[in-house]
1. Quick one: what pairs do we get from the stretch 46-75, first residue in contact (Cβ under 8 Å) with a residue 12 or more places away in the chain, second of a type in the set (D, E, K, R), C-beta under 6 Å, 6+ apart or different chains?
2. Quick check on the stretch 54-68. Is at least one of its residues at pLDDT below 80, open to solvent by less than 50 Å² (accessible area, probe 1.4 Å) and not in a helix (DSSP H, G or I)?
3. Just for the stretch 8-38: of the residues that are crowded, with 16+ Cβ neighbours inside 10 Å and among the charged types (D, E, K, R), which one is farthest from K112 (Cα to Cα)?
4. Search the stretch 84-105 for residues being open to solvent by less than 80 Å² (accessible area, probe 1.4 Å) and under 16 Å from the mean Cα position of the chain (by Cα), and hand back the single one that is modelled with the lowest pLDDT.
Amino acid sequence: MIQWEDESLEDYVERFRYNLQKSKHKYLEKEILKTLLLKGIKDEFLELLNLIGKCNVFQLSYDDVCELCIRYSRGISKAGKNSREFSSFFSKSSTRTRDIRVEINVLFENFKVDFISSLNSKLDVSQV
């Protein structure tokens, strides 16, 4: 799941939560949920979240990331600014965002490997 072109962070988080509740994987660990959520956020917004959160957003908890996304979106709408214009102001510092994106991708790949290994071991047990 990825953030749509004109989708606010709040709408993305709400859609993520809704799809999670409708899926058969709604009981995944919060760390995995955070990785999946951040993987879908547009690069331009990751840097903003880092600035607002005053740290590497990946170090926050899943709930804190969701809350940060919602606070950012509501702050933009109260200010009456277009989030795209506001986020383009910070797009020059995209190197850090790419580093975070790489970190998220590595964690996601590790999750996939662990998940497949777990499925394989369960399959082996069921075959026995």
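1. Between residues of the stretch 46-75 that are in contact (Cβ under 8 Å) with a residue 12 or more places away in the chain and residues that are of a type in the set (D, E, K, R), the close pairs are Y62/K30; Y62/K34; V65/K34; I70/E10; S73/E10.
2. Going residue by residue through the stretch 54-68, those that are at pLDDT below 80 are 54-55.
Imposing the further condition that a residue be open to solvent by less than 50 Å² (accessible area, probe 1.4 Å) reduces the set to 55.
Still in the list and also not in a helix (DSSP H, G or I): 55.
Scanning the stretch 54-68 turns up at least one residue that is at pLDDT below 80, open to solvent by less than 50 Å² (accessible area, probe 1.4 Å) and not in a helix (DSSP H, G or I).
3. Checked the stretch 8-38; the qualifying residue farthest from K112 (Cα to Cα) is E10.
4. That would be T97.
The values are calculated or read from the model by the stated rules, or taken from the named source; none is laboratory data. Treat the numbers as computed from the prediction; the structure is a model and nothing was measured. For neighbour counting, all protein chains shown are included, and Cβ atoms are generated from backbone atoms with ideal geometry for every residue, glycine included. Calculation scope for accessible area: heavy atoms of the full protein, side chains included, ligands and nucleic acids excluded. Shrake-Rupley method; radii C 1.70, N 1.55, O 1.52, S 1.80 Å.
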